[in-house]
Amino acid sequence: MKKKVLTVDDSRTIRNMLLVTLNNAGFETIQAEDGVEGLEVLEECNPDVIVTDINMPRLDGFGFIEGVRRNEKYRAIPILVLTTESDAEKKNRARQAGATGWIVKPFDPTKLVDAIERVTA
Amino acid sequence: MDMNEIREIFFQECEEQLAELETGLLKLNDGDRDPETVNAVFRAVHSIKGGAGAFALDDLVAFAHVFETTLDCVRSGKLEPSQDVLKVMLKSADVLADLTNAARDGGTVDESRSRALVKELEALANGEQPAAHAAPEPVAAKPAVAAAPAPTDSSGFQPIPFSFDDFGGEEEEVLMVAPTYTVTFKPRAELFSKGNEAALLLRDLSRIGEMSIHCHTGDVPTLDRMDPEGSYLSWTISIKTEKGEEGIRSVFEFAEWDCELDIKLAEEAEADDERPMIPVPFDLSLLEDEPAIGDEPHVGMHVEPVVAAAVAAAETATGVMQAAAAASARAEKKEAPAASAAAQANAANAANAAGQTIRVDLDRVDRLINLVGELVINQAMLSQSVIENDNNGTSSINMGLEELQQLTREIQDSVMAIRAQPVKPVFQRMARTVREIADITGKSVRLITEGENTEVDKTVIDKLAEPLTHMIRNAVDHGLEMPEKRIAAGKNPEGTVRLTAKHRSGRIVIELTDDGAGINREKVRQKAIDNDLITADANLSDEEIDNLIFHAGFSTADKVSDLSGRGVGMDVVKRSIQALGGRISIQSKPGQGSTFSMSLPLTLAVLDGMVVTVAGQTLVVPLTAIVETLQPEAAAIHSFGATQRLISIRNSFCPLVDVGRILNFRAQQANPVEGVALLVESEGGGQRALMVDAIQGQRQVVIKSLEANYMHVPGIAAATILGDGRVALILDVDAVVGASRGQSLRQEMSLAS
C-alpha cells in the first residue's frame, strides 16, 4: 500500500519539489498551501505522515502542528518539519508544538525520503 | 514535471515575492506596524531563500539569509523599523531582485553594492543584540540532520556500508574492528505524543549494525493502575556498529529530548553492568511491509516468539494510547462540532479572500480577443444586411439583433477585462527608480502612489513603464530642488512625488505630481529661443511655454546629467504616450511644482476612430489625434510656395495636408473647400490640418494588425473591418504629417502590435 504524505508549504517551488520527490519515491502526495488549508485537508485525506513548513501565512507551522495534535484522530501522526531554520530555538518550538522530526531545507530528496521512512512503519 | 519547470516556477514565485516584499516594506515605511505586514515581508525573503537553496543559487541564498536575519530582528521587535532602517531594506530588496534576475538570466550584479548592503544589514542586526548571536552563519551550513540510514528494500534488513566524515579513508579498518555499544533507551510518554515510535527507532537502530535487544517490562504496572498514555518499557540494546556513538545518536535524533538515552562502549558497560543480559536476536524487517503497527495487532504472529515479545510490548504502548485517544475523543465530541464548523467557516472565508485565480497563457487570451473581434464585426455585418434586405423592418428580427449587439458588446468588455491588470507592478518599479535617482542626486524623495489597483490592458501596462520611468527621473532630477534649497523655500526638505492612476470616462488617467520648483519658464523660453524653436519676440502664454519642453531635442538641464540625459527628452515621452493612443498635458506652478497628466486608452485592441472618406476610400483616423474638425472656407486658404497651402484658423496659420495626395490615392490636390479639415496635433507638438473628403462618423473599431496579416504600409498604422464587411485602413497621423514636411513615408511605430 502506498504511504500517504500530506505536505503543507506556501511556496509553490517547494510544493512542486516535494511533489516530484515524493511521487518518485512512491508516495501518494496531498498538498496544502498553509496551516489552515492543511487542517482542512487533513480530515479528508487521512495521511500516514505530514511534512510541514514553518513560515506560512494565515496559520504557521507551529500553529498547524498544535492543531493536528489537538485532533483526537491525528494526535499520534508523525509530523516532519521542513524549514530553513536550523537554529535550536525554532527546532525546539516545533518540538514543543509536537513535531516528530525535522528536515532542514534545502532538502535533499534522499534525506527527505529517509526521514519519512524513519517515522513511518 | 522536471527540475527546469520547477526552476521556472521558482522564478515566477520570486517575482511575486519580490513584489510582496516591496509592498510590505513601503507599508512599513508609511508607518504600518501590523505584525502581519512584517511577517509577510519576512516570509517573502524566506521563501526566496528556501527556493534558491534548492537550486544551489548560493549568491542569492547568502544575501537573502543576511536580509532575513535582519528582518527577523524587526519581526521579533529587536530592531525598530525606522525610516533609515527601511531605506537600507528597500535597497536590499532591489539588490535581491537583481540577484534573482542574475540567477535566472545569467549576468552579474554590482558586487560592491551588495557587499556594502550586507555590511549595513549586519550592522543593523548587530546593533541591538550581541554580535555572536546575530552573526550570520554561513547559510549553506551542513544541516544538523546527520545522514539517516538509507532505506532497505522489503526483503529485509541489511547493514549498509556508510562512511562518516570522521572515518573518511579509514573505512576498511573500522569495519574490521566495529566496536560494540550498549544502548539503554527509556522513552518518556512525550515521545509517543509527538508521533515518535519506539519500535521504529529500534528498527532504525538495527539497520546500522548487528544488535541484540532486551526489553525491560518490570515497570509495567497492573492494568488497573496503568496510565494508558504512560510509558513503562525500556530497552537495553547491544549493538556492533562502525557508525560509532554519533551514528547511534543520529537514530535517536528526533527522540533525544523525550527519552533517556545512554550509550556506552561495551567494555565499560560490561564493567558496571551487573545485571545479566540475555541477548535477543532482533529482526524488525517485518515492519517494512506493515503500514502501521497500531493497526496490525497480529504482527507478532509471524515473528519469533522472543522478538514478538519486544515488538508487542512496544505495540502495547501505541495500542493503549490509541484506545485512550478514542475515549477522550468521545468526551471532546460535544465541543468538536461547533469548533470545526467555525473553523470551516473561517477557512472558507479565508479561501475567498485569498482569491481564486488561474494562470492562463497570454496567447489563449489573445486568441479569444481576436475571435470576439471577429464576432463584433460579424454581428455588425449581419445587422447591416438585415436592414438592407428587410424593408418592412420586422420588429422581432430587429429586437433580436439589438439583443445580439448588446450581448456581443458585453462579451467584448468581459474579454477585455481578462487582459486588464492593475498598474501596481509598474508603479512598484517606479519606487525603485525614485530611490536610485534620489541616491544619485543626493535628494531626499518620498514617492506616494495612489490607485495602484486601477486596471488597464496588459499591453498598455507593458508599454507604460518606459515613459513613466523617464518622467519620474525628470521629476526628481529637474523638478525637485536640493534639500537646502527646499529648506530655504520653507518646504519639507524631503520632496514628494505623487503617482496616481484612476479611471475617467473610459480611459485611464495617470498623473505624476512633484512638489518641486515648477517649470522655470524664463529658462525654458530662453532655451527655446537658443534652439530656434521660437523667435525672440514670440508672445507665448505660460501654458505654451510649458509645452515647449515636449519639443524634440529640448533639454533644460545645463549639463546633460547621468540620469535624465541619456539622449531622450520629453518629446520621446510624448511620442510613446501618443503611440499608445494617449495624450499628455502639463500644469506647473512656480515654486509649487508640476503635474503631468497622461490619459490613455484602456486597451490597444479597440480604438475610438473617426471614419472618413478620402478619394473614395474609407479611412479611420484615431480620435485621440484629432483636436477639432472644421469646414474650410475659401478665404481661409492661402497658397504657400509651389504646392504648399496654409489654412488660417483663428489668426494662426496651419499647414494643410491632403491625405489623398500623400497616400497617393489621387494625383492632384483636392479642393480644400469641398472637403473637411481635421486639425491634428502631431509629433513635436505642431498642428496640421488634414484634408479629407467627408466625415462618415465616429465608431469604435477593432484593430487588426497589417504587419501580422500583410505587411507594413507607410502612412497606415493598422486596419479594421467595418460593419459592412469592408476593410478600412487606420491612418498613421504622425507618419502622414511627417511626409507632408517632405520626408518620405517611413516605417513608424504602428498602433497594432
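The values are calculated or read from the model by the stated rules, or taken from the named source; none is laboratory data. Just so it is clear, the structure is predicted and the values come from calculations on it, not from any experiment. Neighbour counts are summed over all protein chains in view; Cβ atoms, including those assigned to glycine, are modelled from backbone coordinates with ideal geometry.
The table for this structure:
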| item | result |
| --- | --- |
| Cβ pairs under 8 Å, 6+ apart, first in the stretch B:244-268 and more than 11 Å from chain A (Cβ to nearest Cβ) and closer than 13 Å to B:Lys194 by Cβ, second of a type outside the set (Ser, Thr, Tyr) and in a helix (DSSP H, G or I) | B:Cys259/B:Leu191 |
| Some residue of the stretch A:88-98 being facing chain B (nearest Cβ under 7 Å), closer than 27 Å to B:Arg207 by Cβ, at pLDDT below 85 and surrounded by 20 or more Cβ atoms within 10 Å (Cβ to Cβ) | yes |
| Pair list, Cβ < 8 Å and 6+ apart or interchain, from the stretch B:621-633 residues that are of a type in the set (Ser, Thr, Tyr) to residues that are not in a strand (DSSP E or B) | B:Thr624/B:Gln578; B:Thr624/B:Gly581; B:Thr624/B:Gly582 |
| Lone unmet requirement of (1) surrounded by 22 or more Cβ atoms within 10 Å (Cβ to Cβ); (2) over 29 Å from B:Val61 (Cβ atoms); (3) of a type in the set (Val, Ile, Thr) for A:Ile50 | (2) |
| Those residues of the stretch B:623-676 which are polar (S, T, N, Q) and at pLDDT below 85, in sequence order | B:Thr624, B:Ser639, B:Thr643, B:Gln644, B:Asn651, B:Ser652, B:Gln668, B:Gln669, B:Asn671 |
| Members of the stretch B:156-201 found to be at pLDDT below 50, over 21 Å from A:Val119 (Cβ atoms) and hydrophobic (A, V, I, L, M, F, W, C), listed by number | B:Phe164, B:Phe167, B:Val174, B:Leu175 |
| Residues of the stretch B:21-43 satisfying the condition of being at the interface with chain A (Cβ under 9 Å from one of its Cβ atoms) and among the hydrophobic types (A, V, I, L, M, F, W, C) | B:Ala40, B:Phe42 |
| Residue selected from the stretch B:44-86 under the condition among the charged types (D, E, K, R) and in contact with an Asp or Glu (Cβ under 7 Å, 6 or more places away or on another chain), by the criterion nearest to the other protein chains (Cβ to nearest Cβ) | B:Lys49 |
| Any hit, the stretch B:564-583, residues being assigned by TED's automatic domain parsing to the domain that holds B:Thr433, part of a strand (DSSP E or B) and under 21 Å from B:Lys527 (Cα atoms) | no |
| Residue match in the stretch B:637-659 (condition: surrounded by 19 or more Cβ atoms within 10 Å (Cβ to Cβ) and small (Gly, Ala, Ser)) | no |
| Hits in the stretch A:55-65 - residues which are more than 8 Å from chain B (Cβ to nearest Cβ) and modelled with pLDDT under 85 | A:Asp60, A:Gly61 |
| Test for B:Arg504: is it surrounded by fewer than 15 Cβ atoms within 10 Å (Cβ to Cβ) and touching a residue at least 60 places away in the same chain (Cβ under 8 Å) | yes |
| Qualifying strands (runs of 3 or more DSSP E) (wholly inside the stretch A:1-104; at least 1 residues being of a type in the set (A, V, I, L, M), within 11 Å of the chain's Cα centre (by Cα) and within 26 Å of B:Trp257 (Cα to Cα)) | A:4-8, A:49-52, A:79-83, A:101-104 |
| Residue match in the stretch B:229-247 (condition: part of a strand (DSSP E or B), of a type outside the set (S, T, N, Q) and under 27 Å from A:Gly98 (Cβ atoms)) | yes |
| Options B:Arg435, B:Arg409; residue that is within 30 Å of B:Phe550 (Cβ to Cβ), of a type outside the set (Phe, Trp, Tyr) and assigned to a helix (DSSP H, G or I) | B:Arg435 |
| Given (1) buried (at least 17 other Cβ atoms within 10 Å of the Cβ); (2) closer than 25 Å to B:Asn453 by Cα; (3) within 8 Å of chain A (Cβ to nearest Cβ), number of the condition B:Leu18 does not satisfy | (3) |
| Every residue from the stretch A:34-54 that is free of Cβ contacts under 8 Å to residues at least 24 places away in the same chain and more than 9 Å from chain B (Cβ to nearest Cβ) | A:Glu44 |
| Members of the stretch A:1-33 found to be more than 13 Å from A:Val113 (Cα to Cα), of a type outside the set (D, E, K, R), surrounded by fewer than 22 Cβ atoms within 10 Å (Cβ to Cβ) and more than 9 Å from chain B (Cβ to nearest Cβ), listed by number | A:Ile30, A:Gln31 |
| Residues (more than 17 Å from the chain's Cα centre (by Cα), of a type outside the set (Val, Ile, Thr) and more than 27 Å from B:Val702 (Cβ to Cβ)) located in the stretch B:411-462 | B:Arg435, B:Glu436, B:Ala438, B:Asp439, B:Gly442, B:Lys443, B:Ser444, B:Arg446, B:Leu447, B:Glu450, B:Gly451 |
| Unmet requirement for B:Ala348, which otherwise passes all of (1) crowded, with 16+ Cβ neighbours inside 10 Å; (2) small (Gly, Ala, Ser); (3) modelled with pLDDT under 80; (4) closer than 25 Å to B:Glu16 by Cβ | (1) |
| Residue among A:Val81, A:Val104 that is more than 7 Å from chain B (Cβ to nearest Cβ) and of a type in the set (Val, Ile, Thr) | A:Val81 |
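The rows are residues; the columns are (1) assigned to a strand (DSSP E or B); (2) out of contact with any Phe, Trp or Tyr (no Cβ under 9 Å at 6 or more places or on another chain); (3) outside the structural domain of B:Asp462 (by TED's automatic domain parsing).
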position: B:Gly591; (1), (2), (3): no, yes, no
position: B:Val611; (1), (2), (3): yes, yes, yes
position: B:Ser648; (1), (2), (3): yes, yes, yes
position: B:Phe653; (1), (2), (3): yes, no, yes
position: B:Asn664; (1), (2), (3): no, yes, yes
position: B:Gln668; (1), (2), (3): no, yes, yes
position: B:Leu678; (1), (2), (3): yes, yes, yes
